[in-house]
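The structure appears right after this line, and notes come after that.
The values are calculated or read from the model by the stated rules, or taken from the named source; none is laboratory data. In this text the structure is predicted, and so the values were computed from the model without any measurement. Cβ placement follows ideal geometry from the backbone for every residue including glycine, while neighbour counts extend to all protein chains displayed.
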Amino acid sequence: MDYNQLKQDIIAYSKQIGIDKIGFASAEPFTELKNRLIRQQELQFQSGFEEPDIDKRTNPALIFDQPRSIIAIALAYPSKMKETPKGKKGLRRGTFCKASWGLDYHVILRNRLKQLEEFIRSKVPEARMKSMVDTGELSDRAVAERAGIGWSGKNCSIITPEFGSYVYLGEMITNLPFEPDLPLESRCGTCTKCLDACPTGALVQGGQLNAKKCIAFLTQTKDFLPDEFRDKIGNRLYGCDTCQTVCPENKGIDFHLHEEMEPDPETAKPLLEPLLDISNKEFKEKFGMVSGSWRGKKPIQRNAIIALAHFKEETAIPSLVEVLQKDVRPVIRGTAAWAIGKIGGDQAKSALLEAKQTETDPDVLKEIEKGLQYFSS
């Protein structure tokens with residue numbers, strides 16, 4: 001079998017099916033990554049969403065019998081909306097990060113990887129493959145870096161020379177011995193713009209992230225958002241783009257290569273108030289196809305309440321009071337109480353004093369007190 005020719009055939013086919021970058025890497029253990037992950041674990045910097053077994057994350061042989069190489073792919077996504085809806089007083093809007101625009105990228109990349117698998121199998125029937133996108137054991141970024149897709153930036157994103165860091169990543173472990181591609185040299189140099197701009201200081205140093213402080217992680221949690229992060233979240237409903245937006249490598253980068261990645265403006269920048277009482281069915285119909293919906297409506301609703309407080313949107317007080325009085329979930333009621341206090345006004349104070357008399361949940365009562373403190377300061 002001429003594996004060099006097969007590699008060229010795979011590269012050519014990948015372009016036909018809309019894969020923007022493809023690279024080939026060895027399936028050797030990721031020893032440097034393992035050391036970094038152990039250190040992250042010691043520092044308690046991990047989000048908890050990752051595969052917990054560090055050995056599985058760094059040794060392909062533990063998840064695939066006799067791996068010989070890994071194929072990495074990247075697809076570029078848009079960084080700008082063609083028609084961006086503008087929020088205004090009385091009609092405030094929240095934002096989903098750019099990586100959550102359009103159809104869920106897991107679906108898009110799995111489709112491309114499946115086509116790639118079928119092509120390889122048509123050439124080599126005995127080929128074995130295992131594809132992963134984001135939720136697999138391996139680190140997508142480590143594989144992409146080794147395969148020459150891009151370098152690992154100080155913002156912990158893979159940065160490609162062609163598309164900046166606005167790329168989705170996926171990979172396929174195979175039992176075929178492809179010649180590996182060479183990794184790229186970092187072009188970050190002395191630049192620290194991403195570190196300086198991070199709203200919560202989650203980027204501890206170049207290439208090191210405290211995931212528990214990262215807004216992208218915080219917007220996906222389901223509990224009360226810690227006090228110190230509430231003013232930092234702004235109107236973000238899911239994810240954060242700051243460390244990518246400020247990156248010089250992303251200046252002027254905006255590719256619209258895949259129709260299914262184009263955002264629906266009303267989904268990517270939705271009105272905040274209608275989210276407060278959206279039903280499960282309505283949420284699934286409006287947001288079910290985007291990656292930002294994977295944790296359900298609760299985190300999005302909590303973040304929408306925080307966003308209304310961020311804007312000090314007085315017209316939202318009646319809706320927030322209704323949430324405080326009627327929502328059965330303590331996290332949502334409590335966050336509404338805090339937001340009502342932050343926005344302020346006579347109606348807000350009366351609603352909090354009334355709720356204080358009837359509320360029984362201790363966590364919600366704490367949030368009511370936090371809300372009332374705004375009137376004494």
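Got at least one residue in the stretch 337-347 being among the β-branched types (Val, Ile, Thr) and more than 28 Å from Leu365 (Cα to Cα)?
No: zero hits.
Condition check: assigned to a strand (DSSP E or B), touching a residue at least 40 places away in the same chain (Cβ under 8 Å) and outside the structural domain of Ala216 (by TED's automatic domain parsing). Does Phe24 satisfy that?
yes
Among the residues of the stretch 212-247, write down those that are of a type in the set (A, V, I, L, M, F, W, C) and within 19 Å of Arg302 (Cβ to Cβ).
Cys214, Ile215, Ala216, Phe217, Leu218, Phe224, Leu225, Phe229, Ile233, Leu237, Cys240
Could you grab me the full set of residues in the stretch 227-285 that are among the aliphatic types (A, V, I, L, M) and under 21 Å from Cys194 (Cβ atoms)?
Ile233, Val246, Ile253
Condition test on Thr335, is it among the polar types (S, T, N, Q) and closer than 20 Å to Asp231 by Cβ?
Here the answer is yes, as Thr335 does meet what is asked.
Of all residues in the stretch 38-64, count the ones that are touching a Phe, Trp or Tyr at 6+ places or on another chain (Cβ under 9 Å) and not charged (D, E, K, R).
Count: 6.
When you scan the stretch 263-377 for helices (runs of 4 or more DSSP H) that lie fully inside it, which ones turn up with 1 or more residues that are loosely packed, with under 15 Cβ neighbours inside 10 Å and under 20 Å from the mean Cα position of the chain (by Cα)?
Correct list: 265-268, 280-287.
Please go through the stretch 137-151 and give me each residue that is surrounded by fewer than 22 Cβ atoms within 10 Å (Cβ to Cβ) and either without any contact (Cβ under 8 Å) to a residue 40 or more places away in the chain or under 14 Å from Gln244 (Cα atoms) (or both), ordered by number.
Arg141, Trp151
Would you confirm, using the coordinates I've provided, whether Val328 is assigned by TED's automatic domain parsing to the domain that holds Leu271, of a type in the set (Val, Ile, Thr), within 16 Å of Pro274 (Cα to Cα) and out of contact with any Asp or Glu (no Cβ under 8 Å at 6 or more places or on another chain)?
no
With (1) within 18 Å of Lys98 (Cα to Cα); (2) of a type in the set (Asp, Glu); (3) modelled with pLDDT of 95 or more as the list, and Glu145 as the residue in question, which single condition is left unmet?
Condition not satisfied by Glu145: (1).
Can Glu179 be described as modelled with pLDDT of 95 or more, closer than 15 Å to Phe24 by Cβ and not assigned by TED's automatic domain parsing to the domain that holds Ile22?
yes
Within the stretch 126-135, is even one residue out of contact with any strand residue (DSSP E or B) (no Cβ under 9 Å at 6 or more places or on another chain), more than 21 Å from Gly206 (Cα to Cα) and either among the acidic types (Asp, Glu) or in a loop (DSSP other than H, G, I, E, B) (or both)?
Yes, that holds for at least one residue.
Name the residue, out of Arg146, Arg112, that is basic (Lys, Arg) and farther than 24 Å from Gln40 by Cα.
Answer to the selection: Arg112.
Please give the helices (runs of 4 or more DSSP H) falling wholly within the stretch 164-239 in which 3 or more residues are of a type outside the set (Phe, Trp, Tyr), crowded, with 19+ Cβ neighbours inside 10 Å and under 21 Å from the mean Cα position of the chain (by Cα).
215-218
Does Thr84 satisfy being surrounded by fewer than 17 Cβ atoms within 10 Å (Cβ to Cβ), of a type in the set (Ser, Thr, Tyr) and without any contact (Cβ under 8 Å) to a residue 40 or more places away in the chain?
No, not satisfied.
If you go through the stretch 37-54, how many residues are under 21 Å from Val133 (Cβ atoms) and either loosely packed, with under 12 Cβ neighbours inside 10 Å or not β-branched (Val, Ile, Thr) (or both)?
9
What number of residues within the stretch 139-152 satisfy the criterion of being part of a loop (DSSP other than H, G, I, E, B), in contact with a strand residue (DSSP E or B) (Cβ under 8 Å, 6 or more places away or on another chain) and over 14 Å from Leu109 (Cβ atoms)?
Of the residues in the stretch 139-152, 3 are part of a loop (DSSP other than H, G, I, E, B), in contact with a strand residue (DSSP E or B) (Cβ under 8 Å, 6 or more places away or on another chain) and over 14 Å from Leu109 (Cβ atoms).
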